[in-house]
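The structure appears below as structure tokens.
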Amino acid sequence: MNPEKITLGKSYDPVPIEDKWYEVWRSEGLFKADPESPKPPFSIVIPPPNVTGSLHVGHALDNTLQDILCRTKRMQGYEVLWMPGTDHAGIATQNVVERSLAAQGVSRHDLGREAFVEKVWEWKEQYGSTIINQLKKLGASCDWERERFTMDEGLSSAVRKVFVDLYNKGLIYRGKYLINWCPRCHTALSDLEVEHEEKTGKFYEVAYRIVGEDGSIVVMTTRPETILGDTAIAVHPRDERNRHLIGKKVIVPVVDRVIPIIEDNMVDPEFGTGFVKITPAHDPNDFLVGQRHNLEQIQVIDDNGVMNEAAGKYQGMDRFEARDAIVEDLEKMGALMGVQDKVHSVGECYRCHSVIEPYLSEQWFVRAKPLADAGVAKTKSGEIDFVPDQWTGVYYQWMENIRDWCISRQLWWGHRIPAWYCDTCGELIVAMEAPKACPKCGETHLRQDEDVLDTWFSSALWPFSTMGWPEKTKLLEKFYPTSVLVTGFDIIFFWVARMIMFGLEFMDGEVPFHDVYIHALVRDEKGQKMSKSKGNVIDPLTIVAEYGADAMRLTFAALTVQGRDIFLSKERIGTYRLFMNKLWNASRFALMNLEDAEAGQKWDDKDLLLHDKWILNRLSQVTEEMTQLMDGYYFGESARLMYDFVWGEVCDWYLELSKPALRGDEGEARRKSTQAVLLAVFEDTLKLLHPTIPFVTEELWQAFPFGTGIIERTSWPKPRLDNIDEKTLSDMDFVMDIIRVIRNLRAEARIAPQQPIPRVAIMAHTAEASSLLKETESQIKLLTKVEEINLFAAGAAKPERSLTTILDGVEVYMPVGDLLDVEKEVQRMKADLAKLQKDIEKGREKLANPQFVDRAPEEIISKEKATLADNESKFERISENLKSLTE
RNA sequence: GGGCGAUUAGUUCAGAGGUAGAACGCUUCCUUGACACGGAAGAGGUCAGAAGUUCAAUUCUUCUAUCGCCCACCA
């Protein structure tokens, strides 16, 4: 694909590179999933974004994580299907189109149903792919040719089939119940679509006169307007205070209706006065009481939230207006006994935040209990795993207390319910296609149900409807059940739980996915939920344009820690963008030194120095760790591991140490072997980083000698070394310590970084340390700009007028002659001694404690002993030096 | 009412039963042949509070406080 090797500019500019490679990947068919492939399957279905949406950071995070998984699995030899698509989003889309019509002074009723739906389709064609195009900017590697929409013909017929089957199994029913009604959206909502908000309202005490007696009873209500629909007063059967009144009658104030006092267990006899007004048509509790006692249901509020003819003089008033008016009237007539402030939760529409009205109407429901039970059983048996595990409990809690699901919506945009009524004989026909005639009476004029289905009904089928169900497709056979579902916790109930229920029911008991990875919610830097209405939305596309998609992806990955929300800020992304530049420049450096190198070039073990062996050991460790981290969805840890490895080890140490060899200062054999090590380090590192930052790694990959073909078509790296050599690692740690100490002394002595230090003396207490220092002398000199290192054995004369640092096993002396600020050096030593003194005391105390010596594991004790010995020896040596300095 | 999570450096956040880490910010020095979108060195923390378990707790348990979220038919 790129016969000419790419030359890299001095700094990384993401924009042209990202567009270029995305196009190459697509045209090369990298994202295509082949159901006939012999490779093992890995599949993800995208949580379909709403067609109304434009990409927000939540989508960006969600899809970045999915993309990282898909790309990793491709490299690991899986046949990957990432199924893309969008959701028709009933209420949201209808609202958007209605708003745009309203701007032209047109209502949907002016157009009529058919024309309106036509408009929505037009809108969808025009704007519905916005979000899909935005996803591509992030690098999402979906199999775009398979893109689906929840109202595609195929998916729509899947919806009808599911509906009909559930109806025939008795798992869908129709009936007149009290449901959540949004008077603004003019539709029923499921319980989940109601958001509860704690609000301070008024608690009114209202007197009802007892019929035929002087007295009255007092009830409490937060919604006085519902008094008009009262059809009973309830008392707990064992309420000592009030049960003598059961069976008597009272008069509803304002409307003067006579209603009975009944007994019912739902009343808490301790609460308030012990009397509860019962309004079966306007309160869910009261509705149940009404059913038990066969009470009349009097509706006083209509579907617009306006008082109806049954409300008498209040007819035509808005429900809240009527509340005030009734309170005023009650007060006038002396029936208002008191008003208190009361904090209670108020239900709001999750789309428009209007106050929800419990409303009595004919609706369709899914009998959820049997479906939920199956879901719980499959999860308990371990076929579905939630990650992190804490969400399992949340899911169980909801599933185990599930209530029937109201699925009918009084909207025009959505899957129309496949039910027809025969007005002649009253027959109800539920079928996939419109029936020609009533099977009972033969009437040909049938009326289809006006309602559409809850959007989440079709989303629940997504994992199999997108793969062609109910046909037995190759796609289903290969890729269902999907491997993992990646989503936010906010839709566990809306979507995850329902996919599990429907998946099990319609896919012969096969789960829709094995793992559910629940990620954080992205909030703004103040920790607020981002939302269009709050205007605190960070637009991912702006970020991509400004920082590059890779920077944003790495930021998401790094911030994704299991079980915690992400507070995103631009500064944060800026930090991770710097990493791209670092990687870019490290690669440039490598490439400058690899001009005559070849892919597959081998090193000779005898030509490797300590730092070469060290980086190969570290590379092997990192490769192994990365493989495990990706397997366990540890995105944050994996991103940080790579960040630290590349920046803190490869760049800060290895590249610096490799410079002389690459220049040829150490001979041709060393140069060739170092090149080989460099090739190995970059080859594996770029691969390990690729799933997270695909664009920059692809560009760099192409520039290296090993970069033939697309990086993602290569294989995930294996550790280069079979065994990690611990001694190499600890030796290198020792050398790095020495270098840091010398640099530290340099800074202490205020010697500028570029100014060479003529001489440093190191006293080695062991032969081992001595030989290691000899072996690495030139590396130490290189990184400290020391011209000469004098090694001397313990007991030999120490250099005079030196800055000193004492380490385990060695003492480092930097002679500074007259520059030595004796007073300052004494202060420093004294501070060190004080610290050591403390540590020594602590250590002695510990080792003198018989409990510790008895019970602590052997290795801890010996470690403690060694530390103490080191500290004591250091203490002694520093004291000695201090003495000689002050003499 | 039930449940979950958080509390660690000035800030944003990692982390582990054995003496605390990163990034940003801050201080000092440095345009050295990959990178100033950089390098080196440094300051900065009673790991919210209390009790318990343990040889050992910042890490495990319980309680408390503060903050946040979810669920619930509180009339």
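The values are calculated or read from the model by the stated rules, or taken from the named source; none is laboratory data. Since the structure is predicted, the reported quantities are computational estimates derived from the model, not experimental observations. Cβ placement follows ideal geometry from the backbone for every residue including glycine, while neighbour counts extend to all protein chains displayed. Heavy atoms of the whole protein, side chains included, go into the accessibility calculation; ligands, DNA and RNA do not. Shrake-Rupley method; radii C 1.70, N 1.55, O 1.52, S 1.80 Å.
Annotation: aspartates and glutamates with alpha-carbon distance below 17 angstrom to A:Lys727 (same-chain offsets under eight excluded): A:Asp605, A:Asp612, A:Asp737, A:Glu768, A:Glu775, A:Asp808. Here the calculated FRET efficiency for A:Glu787 and A:Lys606, from their Cβ-Cβ distance with R0 = 30 Å, stands at 0.55, rounded to the nearest 0.05. Close lysine pairs were tallied over segment A:807-873: pairs 8 or more places apart or on different chains with Cα atoms under 24 Å apart number 15. Sorted largest first, the principal axis extents computed over the alpha-carbon atoms of segment A:798-848 equal 45, 23, 11 Å. Rounded to the nearest 20 debye, the dipole size of chain A about its Cα centre is 460 debye, using +1 on the Cβ of Lys and Arg and -1 on the Cβ of Asp and Glu.
If the segment from A:Gln754 to A:Glu270 were pulled out straight at 0.36 nm per residue, it would be longer than the present Cα-Cα gap by 165.9 nm. Averaged over its residues, segment A:752-822 has an accessible area of 50 Å² per residue, based on protein heavy atoms and a 1.4 Å probe. For segment A:715-793, the C-alpha radius of gyration divided by 2.2 N^0.38 Å, with N the number of residues, is 1.35.
Gyration tensor analysis over the Cα atoms of segment A:765-858 returns equivalent ellipsoid semi-axes of 33, 21, 11 Å (largest first, whole Å).
Taking 19 Å as the straight-line reach from the Cα of A:Lys378, the lysines in range (excluding those fewer than 8 positions away in the same chain) are A:Lys369.
Does segment A:125-254 classify as rounded, prolate or oblate by the C-alpha gyration tensor (a ≥ b ≥ c root eigenvalues; a/c under 1.5 gives rounded; else a/b over b/c gives prolate, otherwise oblate)? Judged from the Cα gyration tensor, segment A:125-254 comes out prolate (a/c at least 1.5, a/b above b/c).
Using the structure shown, select from A:Lys687/A:Lys774; A:Lys161/A:Lys440; A:Lys136/A:Lys687; A:Lys249/A:Lys342; A:Lys202/A:Lys313 the pairs with a Cα to Cα distance greater than 26 angstrom. The answer is A:Lys687/A:Lys774; A:Lys249/A:Lys342. Estimate the FRET efficiency between A:Glu198 and A:Lys824 by the formula 1/(1 + (r/R0)^6), using the beta-carbon distance for r and 45 Å for R0, to the nearest 0.05. Calculated transfer efficiency: 0.15. Segment A:331-399 and segment A:176-215 have their alpha-carbon centroids 16 Å apart.
Over all Cα atoms in segment A:593-732, the spread is summed up by Rg and Dmax: 14.8, 45 Å. Here the extension length gained between A:Arg238 and A:Leu833 equals 206.3 nm, from 0.36 nm per residue of separation less the Cα-Cα distance. The convex hull drawn around the Cα atoms of segment A:369-523, when projected onto a plane and averaged over every direction, covers 11.5 nm². Counting only protein heavy atoms and a probe of 1.4 Å, the accessible surface of segment A:295-368 is 44% carbon and sulfur.
Dividing the convex hull volume of the alpha-carbon atoms in segment A:342-388 by its residue count gives 205 Å³ per residue.
The H on the amide N of A:Arg148, modeled in the peptide plane, is under 5 Å from the matching H of A:Gly85, A:Thr86, each at least 5 residues off or on a different chain. Of the solvent-accessible surface of segment A:564-698, computed with a 1.4 Å probe over protein heavy atoms with every protein chain present, carbon and sulfur atoms account for 48 percent. Residues whose amide H comes within less than 5 Å of that of A:His519, counting only those at least five positions distant or on another chain, are A:Thr487, A:Gly488, A:Phe489 (H built at 1.01 Å from N in the peptide plane). Taking segment A:339-368 and a reference point 7 angstrom along Cα→Cβ of A:Ala310, the backbone N atoms nearer than 12 Å belong to A:359-361.
Annotation: lysines with alpha-carbon distance below 18 angstrom to A:Lys474 (same-chain offsets under eight excluded): A:Lys32, A:Lys39.
Spacing of the modelled spin labels on A:Ala797 and A:Lys380, each 7 Å from Cα toward Cβ, amounts to 8.5 nm. Mean separation of Cα pairs under 8 Å and 6 or more residues apart, divided by the residue count, gives segment A:551-679 a relative contact order of 39 percent. Reducing segment A:80-130 and segment A:793-828 to their Cα centroids gives an inter-centroid distance of 79 Å. Between A:Ala669 and A:Trp398, the simple label model (points 7 Å from Cα in the Cβ direction) yields a spacing of 6.7 nm. Three principal axis extents of chain A based on alpha-carbon atoms, in descending order, are 116, 67, 54 Å. Potential lengthening of the chain between A:Ile860 and A:Thr424 amounts to 148.1 nm, from the contour at 0.36 nm per residue minus the alpha-carbon distance. Between 0 and 90 degrees, the angle of helix A:635-644 with respect to the longest Cα principal axis of chain A falls at about 20 degrees. Centre-to-centre separation between the Cα atoms of segment A:579-630 and those of segment A:222-261: 83 Å. Look at the alpha carbon pairs under 8 Å that are at least 6 residues apart: their mean separation over the length of chain A gives a relative contact order of 13 percent. Under the classification rounded if a/c is under 1.5, otherwise prolate if a/b is larger than b/c and oblate if not, where does segment A:230-377 fall, given a ≥ b ≥ c as square roots of the Cα gyration tensor eigenvalues? Since a/c reaches 1.5 but b/c is at least a/b, the shape of segment A:230-377 is classed as oblate.
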